[in-house]
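Data block below; observations after.
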Number of protein chains: 2
Amino acid sequence: MTIETLSTVRSHGGTQGVYKHASTTTGTDMSFAVFVPDHEDGAKLPVLWYLSGLTCTHANVVEKGEYRAACAEHGVIFIAPDTSPRGEGVPDDPDAAYDFGLGAGFYVDATAEPWAKNYRMRSYIEDELPSLILRNFASADLKRQAITGHSMGGHGALTIGLRGQDRFRSVSAFSPIVAPSRCPWGEKALTGYLGDDREDWHAYDACALLDQGLRVPDLLVDQGDADNFRAEQLKTELLVEACERNGQKADIRMQPGYDHSYYFISTFMAEHVAWHAERLKA
Amino acid sequence: MTIETLSTVRSHGGTQGVYKHASTTTGTDMSFAVFVPDHEDGAKLPVLWYLSGLTCTHANVVEKGEYRAACAEHGVIFIAPDTSPRGEGVPDDPDAAYDFGLGAGFYVDATAEPWAKNYRMRSYIEDELPSLILRNFASADLKRQAITGHSMGGHGALTIGLRGQDRFRSVSAFSPIVAPSRCPWGEKALTGYLGDDREDWHAYDACALLDQGLRVPDLLVDQGDADNFRAEQLKTELLVEACERNGQKADIRMQPGYDHSYYFISTFMAEHVAWHAERLKA
């Protein structure tokens, strides 16, 4: 489990790195970004995972996410994985659609062909990448983890957070897809990666997981009310109802005038980092 | 003097817009970005100009500059112009070099052919764009202006700041080219745009302007010591010496480990905005 350093640069009192490794889970090379704030020798820092949305790689949040100042202030390591396997031999949507295949792994372990071999982003985020971080980043304290994400990555954060209850002290999301079983993006992805049996989809639907009794310690969600995808794809109200119905502690905020872009994410990023830091250091 | 709105988006408690107009100065369409923090009806906000570096448009700082949170906090309007004329009929470097022609206007009024007709970024920044802002942005208080910039744009901020002494209450720069008469980027640009007579170059050389007796009210400069362009192109030490020699008040800071990129600029952007805001509101 060796990693190759693609770049490191000093920023906001820390080191922003981009790394590559041969993933046994996806059968491909995978890239990811890690920001490590300056710290004393031997210090252990809590970790915040950020899962990106459709079409993105690690690079979008690294360039536009505005997380480094807050992570440096609070002493939090920030890890941004890719959104799908990539490379020669990795199948893509036949029409190269933006919402399936490359850049659209949906944080599932695919069971349908031809996706099952490479499209295993669930296991990659749940198992392989944490192990890799543990072995290669001495300052990362994996006893203190939190997770967030945007859109498809918000779906990833919610579902990986709910299923991995002991792993994360806090879960947040920016404009997440809250019920992929009940929106076009999700129905297309889950049908494609998992097949037609909707029972198999429940593990990848935050609202369904809440109804099954899974919980996270605390949940923060921001959603822009001018987000073009809100009504058809994101359906924030379903998460509000599922949290109320199931007694899940949650602060789900509608932000007036904000859209789906990094102009929105960057606006609330520092608040999310501070919110996670408070729980990671409690 | 009408402007066309290309886009507006809500971000960090304000409006990030991109606009276009037909410039009489450059004879081309010109684009620029303006961030206006939310404010009470009728309120007047001070203005911070940001001049970008080689190869950039307004978009680089808009996406990577991390200025909006600080501008919203301090109630400062942030204006980012383009770095050169562009469009059909605008001459470019015959080899399409990155350091001359398109994206490399160097904030001069060219006198040599074929550049003299379009490459008039000095007059554009000094005269036309401020007039346009005054007429189209009711909240912009042009009695309270400050200017900053990066690299070639740091050169622009210093020279436009020094020549326009009454216009700006404060001037700052990120890794500026401090003496274009004495570095390869500057010698190429000034020869190309102005011709061989070095006397004509002085108006575009911050160190020469200081030696001629021009001053700014206050000056802040940040420079990364791991910046690859420092020794050959930027020559920060010449500015330190010129300020000392001429009694120019200045805080010129060497930042250990930082390079020439937006990872560096974004790190110190909030400090520059706060520094300008203090002077703009004094």
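The values are calculated or read from the model by the stated rules, or taken from the named source; none is laboratory data. Everything quoted here is computed from the prediction, not taken from an experiment. Glycine gets a Cβ as well: all are built from the backbone with ideal geometry, and neighbour counts include every protein chain shown. With ligands, DNA and RNA removed, areas are computed over all heavy atoms of the protein, side chains included. Shrake-Rupley method; radii C 1.70, N 1.55, O 1.52, S 1.80 Å.
Some values worked out for this structure:
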{"read-out": "10 Å Cβ neighbours from other chains, averaged over peptide A:52-63", "value": "1"}
{"read-out": "Residue with peak Gaussian network fluctuation, chain A [Cα springs, cutoff 10 Å], from A:Cys183, A:Cys56, A:Cys207", "value": "A:Cys183"}
{"read-out": "Volume per residue that the Cα convex hull of chain A spans, once the total is divided by residue count, Å³", "value": "115 Å³"}
{"read-out": "Minimum 50 Å² accessible area buried by the other protein chains, region A:257-271 residues, probe 1.4 Å, relative to alone", "value": "A:Tyr258, A:Tyr263"}
{"read-out": "Positive-end residue, region B:4-281 charge dipole about Cα centroid, Cβ charges, pick of B:Ala173, B:Gly42, B:Ala226", "value": "B:Gly42"}
{"read-out": "Proximal charge balance of A:Ser266 [Cβ under 13 Å; K/R count +1, D/E count -1]", "value": "-2"}
{"read-out": "Cβ-vector label at 7 Å, B:Gly213, separations to other copies in nm", "value": "8.7"}
{"read-out": "Cβ-vector label at 7 Å, B:Ala59, separations to other copies in nm", "value": "1.3"}
{"read-out": "Coil-residue GluC sites (Glu not before Pro) of region A:1-106, DSSP, other Cβ within 10 Å capped at 13", "value": "A:Glu40, A:Glu88"}
{"read-out": "Carbon and sulfur %, accessible surface of the protein assembly as shown computed with the full protein complex present, 1.4 Å", "value": "47 percent"}
{"read-out": "Top of A:Ser261, A:Ser31, A:Ser172 by mean-square fluctuation, Gaussian network on chain A, Cα under 10 Å", "value": "A:Ser261"}
{"read-out": "Unit charges on C-beta of K, R, D, E only; dipole of the protein assembly as shown, Debye", "value": "1180 debye"}
{"read-out": "Dipole magnitude of region B:1-98 about its Cα centre (Cβ charges: Lys, Arg +1; Asp, Glu -1), debye to nearest 20", "value": "220 debye"}
{"read-out": "Euclidean distance of C-alpha centroids, region B:5-51 and region B:204-282, integer Å", "value": "25 Å"}
{"read-out": "Coil-residue GluC sites (Glu not before Pro) of region B:113-222, DSSP, other Cβ within 10 Å capped at 14", "value": "none"}
{"read-out": "Protection-proxy order for peptides A:149-160, A:222-233, each taking the mean of Cβ atoms within 10 Å per residue, highest first", "value": "A:149-160, A:222-233"}
{"read-out": "Chain A, closest residue to the rotation axis toward B, by beta-carbon, whole angstrom", "value": "A:Glu66, 3"}
{"read-out": "Label 7 Å beyond Cα on the Cβ vector: B:Pro91 copy-to-copy distances, nm", "value": "5.7"}
{"read-out": "Tail weight of P(r) past 20 Å, computed on alpha-carbon pairs of region B:185-251, percent", "value": "37 percent"}
{"read-out": "Residues of type aspartates and glutamates that A:Lys188 reaches as a straight line, Cα spacing below 12 Å, ignoring anything fewer than 8 places off in the same chain", "value": "A:Asp93, A:Asp99, A:Asp196"}
{"read-out": "Whole-number D in µm² s⁻¹ for region B:140-282, Kirkwood Cα-pair radius fed into Stokes-Einstein, 37 °C, 0.692 mPa s", "value": "217 µm²/s"}
{"read-out": "At least 20 Å² accessible surface lost relative to isolated chain, residues of region B:1-40 (1.4 Å probe)", "value": "B:Val9, B:Arg10, B:Ser11, B:His12"}
{"read-out": "Accessible area (Å², per residue) of chain A, counting only protein heavy atoms and a probe of 1.4 Å", "value": "37 Å²"}
{"read-out": "Members of A:Lys64/A:Lys143; A:Lys44/A:Lys281; A:Lys20/A:Lys117; B:Lys249/B:Lys281 lying beyond 23 Å, as alpha-carbon distances in this model show", "value": "A:Lys64/A:Lys143"}
